[in-house]
């Protein structure tokens, strides 16, 4: 789980969440004047907490949906995000809301609870419970389960176009199947490959590729607990990289700091290739599956 770089007090986050939810309740009480499908344009109004799930929601809804993703930038920490008044308004008018779940975007889940929107929780759909690794968009299993849950929500909200949503779902799964075939092909090079990560962001993708997580235990536990690794943890990580026990390093460039600088330096010293990625979908991609496809290629290329 990622380590926040911006420290906010619990009181600040709590007050922000309370204010946002209170505003949302007021908005819901007033009503938006939308049609039965949740939109004055005749389309289903959909809101997604993060852009990668927003892209899936668009693919599965086609011309029948109007999708807004709240978080769209790689310089924002999702765990600590505080919804704005504009975000609140979007959530309040949505007919379907797609959240990541697994406590990654609790602010969104809480806000949706104050509305009549149908909630799709991607992690829950894929069987990932609270406390599990929340970066579930990297998981083939969760992507497929979440896509089916979104389609079901659309069909319930707009039964007149049920067949259209079924066809869009079929098209999406065909593309996901191609991605999974690419993952299987890449695993010929990556299966069993010991890797380490500055954060467990891409753990699901590495697991799908058959890789072995060799991140030193102390560092990994500190990361999972959102605490700073000790000097001993960092030293152990550096020795593993320079000593030949790790064949690939995964770096989340969205959370670079003095510690990751030391780790990357050790990887270079040990001639360990590095795969760089971000937690949020980069701006050069507007489709989750295209982003995953590029990352699979990066992993395969970096594998020794």
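Every number in this text was worked out from the coordinates using simple rules, so none of it is lab data. It should be emphasised that the depicted structure is a prediction, and the values quoted were computed from it without experimental measurement. Heads up, the Cβs are rebuilt from the backbone with ideal geometry, glycines too, and the neighbour counts pull from every protein chain shown.
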Show me 200-212, 135-147 ranked by packing, highest mean number of other Cβ atoms within 10 Å first.
-> 135-147, 200-212
From the square roots a ≥ b ≥ c of the eigenvalues of the alpha-carbon gyration tensor of the chain, which class results: rounded (a/c under 1.5), prolate (a/b over b/c), or oblate?
-> oblate
Expected 222 nm ellipticity per residue - DSSP helices of 4 or more, -39500 (n - 2.57), all of the chain, to 500 | -15500 deg cm²/dmol
Mean-position separation - Cα centroids, region 87-121 and region 265-295, in angstrom = 28 Å
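So what is the relative contact order for the chain, in percent, with contacts set as C-alpha pairs under 8 Å and at least six apart?
Numbers: 523 pairs, mean separation 57.5, N = 304.
With pairs under 8 Å counted, the relative contact order is 19 percent.
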